[in-house]
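The values are calculated or read from the model by the stated rules, or taken from the named source; none is laboratory data. Since the structure is predicted, the reported quantities are computational estimates derived from the model, not experimental observations. Backbone-built Cβ (ideal geometry, glycine too); neighbour counts: all protein chains shown.
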Amino acid sequence: MDRRKFLSGTAAASAGMFLSPESILKDNIVNATGEPAHKIITCNIRVALPEDEEKGVGWSSRKKLCADVIRSQAPDVICLQEVIKIQMDDMRSFFPEFASFGFEGPEMDPIPVGYHWIAKNPILFSRERYELLSGGSFWLSDQPLIGGSKSWGTARARHANWVRLKDIESQKEFRVINTHLDHVSQDSREMQIGLILKESEQYQQEFPQILAGDFNADFRNPVLDIVKESGWTDTYASVHGSHYPNFTGHGFAGKESQSTRGPIDYIFARGNTKANKAQIIIDTDEGRYPSDHFFVSAEVEV
């Protein structure tokens, strides 16, 4: 991996106070052929926890802010991590114009309420812009078809969701994969990402694919080497070069966080794709943040 300099500032991230979605118009970003780029956003929204409610940063107090920050980005595709049922119900309510894929599963049916160590990574996409051609889920274990299965010392069951979309206007197809790697074990992270990459390689090399999520690994971690050596491009780095902000996970402290860990949330692209813009979203409402992570967006040509 190209060992980029670790920058301590967040100047390369988006700046300014949070603006309501009503005050923001969707950018008309088009490529050389006149076709609009696809706006992808990845958001670890922080699972709804009772202890967060006690601290004043629970889901009930930030869910509207979370939805407003996402909507202000005018995304076409939304990749979410750390989602349980109450949060998925809210997101569907906030984004009725989006279809969703990858929340429901048999491993959740016996325990419909609460957080039972399994949080999902659903993908939302514009009903107006896209046709869903196919989609699927697999678990990051040595039994990928068994919901909730764990391997390689992972602290929690992890999985990946994917959708294959067709742009209704251009008729071009691309694929989006959304995941969340283990937060404890480096060995499990490397095995998990290896499984995702192997699965993606069954598609032609030029077929456009997007890989988004929380990797629990900063840009100095070997996990990122594995991704790049498999032909994937970090959209943020391709736009901004070495100008990385110093973190995306901030523990609700935002820009005041003392974290020395680099960014752990990414959007990668493979195949016939090109990133036009990329942004780490640090929007705040008077010091209130929508999550304990900054969200990440990219505008990608297909």
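Screening the range 165-192 for residues that are in contact with a helix residue (DSSP H, G or I) (Cβ under 7 Å, 6 or more places away or on another chain) and among the acidic types (Asp, Glu) and picking the one that is surrounded by the fewest Cβ atoms within 10 Å (Cβ to Cβ) gives Glu190. Note on the range 194-209: among residues that are farther than 20 Å from Ile40 by Cα and of a type outside the set (Asp, Glu), the one that is surrounded by the fewest Cβ atoms within 10 Å (Cβ to Cβ) is Gln202. Note on the range 35-85: residues that are among the polar types (S, T, N, Q) and touching a Pro at 6+ places or on another chain (Cβ under 7 Å) amount to 1. Can you find even one residue in the range 256-271 that is at pLDDT 95 or above, over 24 Å from Ser200 (Cβ atoms), charged (D, E, K, R) and surrounded by fewer than 17 Cβ atoms within 10 Å (Cβ to Cβ)? Scanning the range 256-271, I find no residue that is at pLDDT 95 or above, over 24 Å from Ser200 (Cβ atoms), charged (D, E, K, R) and surrounded by fewer than 17 Cβ atoms within 10 Å (Cβ to Cβ), so the answer is no.
Which count do you get for residues in the range 117-130 that are under 21 Å from Gly213 (Cβ atoms) and part of a loop (DSSP other than H, G, I, E, B)? Even if it seems obvious, please write down each step before you answer.
Filtering the range 117-130 down to residues under 21 Å from Gly213 (Cβ atoms) leaves 117-126, 130.
With part of a loop (DSSP other than H, G, I, E, B) added as a condition, the list becomes 117-119, 121-122.
Total satisfying the criteria: 5.
Of the residues Val113, Val163, Val176, the single one that is touching a Ser or Thr at 6+ places or on another chain (Cβ under 8 Å) and either modelled with pLDDT of 95 or more or assigned to a loop (DSSP other than H, G, I, E, B) (or both) is Val163. With respect to (1) at pLDDT below 95; (2) crowded, with 23+ Cβ neighbours inside 10 Å; (3) aliphatic (A, V, I, L, M), the lone exception for Ile118 is condition (2). How many residues are buried (at least 17 other Cβ atoms within 10 Å of the Cβ), not polar (S, T, N, Q) and not in a helix (DSSP H, G or I) when one looks only at the range 213-255? Qualifying residue count for the region: 14. Do we find a residue being within 16 Å of the chain's Cα centre (by Cα), in a strand (DSSP E or B), at pLDDT 95 or above and not charged (D, E, K, R) anywhere in the range 187-201? The answer is no, given that none of the residues of the range 187-201 is within 16 Å of the chain's Cα centre (by Cα), in a strand (DSSP E or B), at pLDDT 95 or above and not charged (D, E, K, R). Taking each residue of the range 110-134 that is touching a residue at least 60 places away in the same chain (Cβ under 8 Å) and looking for partners that are assigned to a loop (DSSP other than H, G, I, E, B) and β-branched (Val, Ile, Thr) with beta-carbon atoms closer than 9 Å, six or more apart or interchain, yields Tyr115/Val47; Tyr115/Ile84; Ala119/Val47; Ala119/Ile84. Looking at the range 1-103, the helices (runs of 4 or more DSSP H) lying wholly inside it that each contain 2 or more residues that are at pLDDT 95 or above and of a type in the set (Gly, Ala, Ser) sit at 59-72. None of Thr273, Thr284, Thr235 is out of contact with any Lys or Arg (no Cβ under 6 Å at 6 or more places or on another chain) and within 29 Å of Ser60 (Cα to Cα) except Thr284.
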